[in-house]
Amino acid sequence: MAGCAHTPAYEPADPLEPVNRKIYAFNRTADRYVLRPIARTYVEVTPQPARSGVHNFLNNLGYPVTIINALLQGKFAQAGRDTGRFLINTTAGIGGLVDVATPVGLIENDEDFGQTLGYWGVGPGWYLMLPFLGPSTNRGLMGQLADGLSTPERLFEARTQYVLTAVSVVDRRAQLLSADGFLEQQVDEYVALRTVYLESRLNDVYDGAPPLDYGEENLDGGGFDDDDSWREDFGG
C-alpha cells in the first residue's frame, strides 16, 4: 500500500469505468429530480445569514477531523492553530454559527484521513463512483470510513446524526449550485468530473503544490498493489 506513487489525473486507474458510469448516471438522475430541487428551494427560502450560520456550524462541528489529521501528518504548528480556531469559533462564535477565527488570522484548513494516507505514500488505487456519495478512490473510501469514526457527530443520538447528515448534504449541494453549468458544458461529464476530482485530491495531498513529475514514473498504474493504481470540491 505504501510504495506506490500518485498517478496523473489525465491517466487514472479506472478499471471499473463501465460500472462507475452507470452509477454516475444514477447519481445525476437522483440529483436532477431530488437533491438539486431541494438545494435550490433551500437557497430561495433561507436568508443568506442563516445559510452562512448553518454552513459555519457544520464546518466547525467536523473540524476536529482536520485537527486529528494535521497531527497524523506531522503538521503540529497547523494543528495548534486549528485547535485555536475550533475553540474560538465554538465559544465566541456561538457553537460555530459565526466564524470569528478567520478575521483574526486563524484560517480554515481541510485535512482528512485520505490525505493523511496520501501524505505517507499510499497511492489512491482505483477511481470509484459511489452511489449518492459521488467520486472517490480506494484510498478516499478508506479515509471516509476512518473519518466517520472520529467525527464528533458520533457523540449524538442516532436521530440527531441523521438530521445533521441530511442538513450537511443539502448545505454542500447548495454550495455547488454555481458549478452545475460546468458539467453541463462538457462533452463527457464523467471524464470531466473524474479529472477535476483527482486533480483536486492530488492538490489536497500536496497542499496545493504537487511535484511536476508526480505521475511520470507510474503512467501505467499505481495504488494499492503492484498491478492497479488514482477544485474546489465536487465530493472530496
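Quick look at the numbers
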{"quantity": "In Å², nearest 10: area of residue 34 left accessible to a 1.4 Å probe", "calculated": "80"}
{"quantity": "Under 5 Å, built H, 5+ apart or other chain: amide partners of residue 130", "calculated": "136"}
{"quantity": "Accessible-area ranking of 142, 129, largest first, probe 1.4 Å", "calculated": "142, 129"}
{"quantity": "Signed unit charges on C-beta, dipole axis of region 25-164, positive-most listed residue 25, 39, 77", "calculated": "25"}
{"quantity": "Fraction in percent of alpha-carbon pairs per bin - 10 Å, region 47-176", "calculated": "12, 37, 38, 12, 0"}
{"quantity": "Surface accessible to a 1.4 Å probe, residue 108 within the full protein complex, Å²", "calculated": "90"}
{"quantity": "Accessible area expressed per residue, region 146-189, with surrounding protein chains retained (probe 1.4 Å, Å²)", "calculated": "68"}
{"quantity": "Note, ³J(HN,Hα) from phi for region 91-96, Karplus 6.51, -1.76, 1.60, rounded to Hz, x at Gly and Pro", "calculated": "8, 5, x, 6, x, x"}
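The values are calculated or read from the model by the stated rules, or taken from the named source; none is laboratory data. Just so you know, these numbers come straight off a predicted model, no measurement behind them. For neighbour counting, all protein chains shown are included, and Cβ atoms are generated from backbone atoms with ideal geometry for every residue, glycine included. To get the accessible areas, we keep the full protein, side chains included, count just its heavy atoms, and leave off ligands, DNA and RNA. Shrake-Rupley method; radii C 1.70, N 1.55, O 1.52, S 1.80 Å.
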